[in-house]
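The structure appears right after this line, and notes come after that.
Read-outs throughout are calculated quantities, based only on the coordinates presented, and are distinct from any laboratory measurement. As the structure is a prediction and not an experimental result, all values here were calculated from the model. Glycine also receives a Cβ, built like all others from the backbone with ideal geometry; neighbour counts cover every protein chain displayed.
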Amino acid sequence: MSNNYHYYEPGNGHGLAHDPFNAIIAPRPIGWIASQDNAGQVNLAPYSFFNAFNYVPPIIGFASVGYKDSVRNIEQTGEFCWNLVSEPLMEKMNETSASVEQDVDEFNVGKLKKAPSRCIDVPHVADSPVIMECKKTQIVRLKDKAQHDVDTWMVFGEVVAVHINKTMIEDGVYQTVAGQPVLRGGGTGDYFTIDESGKRIMPRPG
């Protein structure tokens with residue numbers, strides 16, 4: 001292999017000052033997930049491993065490194081909300097990433113307003129420009145190449161309701177930049193935003 005490449009095998013370490021994996025697979029949408037347990041205790045937490053996985057029905061999912069409150073809650077109730085982290089909300093989102101006791105409501109930690117959802121019991125972030133209400137479809141514990149369990153759980157949910165601030169829609173088309181999405185990069189706190197200057201339109205070949 002060319003000397004122009006830094007080569008490593010993850011099982012033997014990366015040999016760099018910081019693991020580059022998160023910075024390479026980036027930027028990523030943030031899974032700002034609201035959930036609640038059977039007793040009604042609400043949780044709000046951001047996850048950097050998040051994305052969409054299916055069109056029809058629409059399915060989104062996030063990975064939790066460690067069996068955290070979000071996973072436990074969703075296993076109990078089968079419901080969660082995804083909230084778009086827009087640029088005005090990024091500081092509050094960061095506050096909700098703090099490690100707190102299970103009985104602490106992160107909406108209060110981030111000084112965020114709750115709004116009731118329409119199809120599920122879990123509330124959502126009132127000021128988020130886009131919300132997706134979800135019903136759990138699968139929770140999968142990941143495995144390594146030797147089929148040993150990894151301390152990570154993948155949570156998938158079918159989107160059953162969507163809320164979009166009307167200012168994000170122009171001529172019937174959702175405007176991605178208008179949502180001011182905040183995206184996760186690498187490092188301990190790297191985030192990115194987007195603007196129209198970075199937009200390219202490239203139709204697929206016929």
Subject >> the chain: calculated mean residue ellipticity at 222 nm from DSSP helix runs of at least 4, using -39500 (n - 2.57) >> reply: -2500 deg cm²/dmol
Original post:
To the nearest 0.05, how large is the calculated FRET efficiency for H14 and T188 if R₀ is 22 Å and r is the Cβ-Cβ distance?
Top reply: 0.90
**OP:** State whether the range 48-128 is rounded, prolate or oblate according to the following rule on the C-alpha gyration tensor (a ≥ b ≥ c being the square roots of its eigenvalues): a/c under 1.5 gives rounded; otherwise a/b larger than b/c gives prolate, and the remaining case gives oblate.
**Re:** rounded
**OP:** Would you mind ranking R204, R28 by Cβ crowding within 10 Å, fewest neighbours first?
**Re:** R204, R28
Subject >> Cα centroid separation - the range 115-181 against the range 1-80, whole Å >> reply: 13
**OP:** Check each of the trypsin sites (Lys or Arg not before Pro) in the range 83-178 and keep only those in coil by DSSP with at most 12 other C-beta atoms within 10 angstrom; list them in order.
**Re:** K111, K113, R118, K145
Original post:
Treating the beta-carbon of each Lys and Arg as +1 and of each Asp and Glu as -1, no other charges, what is the dipole magnitude of the range 68-206 about its Cα centre, to the nearest 20 debye?
Top reply: 440
**OP:** Determine by what factor the alpha-carbon radius of gyration of the chain differs from 2.2 N^0.38 Å, reporting the quotient.
**Re:** 1.10
Original post:
Ranked from highest to lowest mean number of other Cβ atoms within 10 Å per residue, what is the order of the peptides 4-13, 34-43?
Top reply: 34-43, 4-13
**OP:** Run the quick spin-label model on Q102 and Q41: label points 7 Å from Cα toward the beta carbon, then report their separation in nm to one decimal.
**Re:** 0.5
**OP:** Would you mind getting me the FRET efficiency between K199 and D127? Use the beta-carbon distance for r and R0 = 22 Å, nearest 0.05.
**Re:** 0.30
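Rounded to the nearest 0.05, what FRET efficiency do V150 and Q76 give with R0 = 22 Å and r taken as the Cβ-Cβ distance? Could you check?
0.50
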Subject >> Relative contact order of the range 28-195, defined on C-alpha pairs under 8 angstrom at six or more residues apart (%) >> reply: 24
**OP:** Mind checking the full-extension length gain between K114 and V177? Use 0.36 nm per residue of separation minus the Cα-Cα distance, one decimal, nm.
**Re:** 20.2 nm
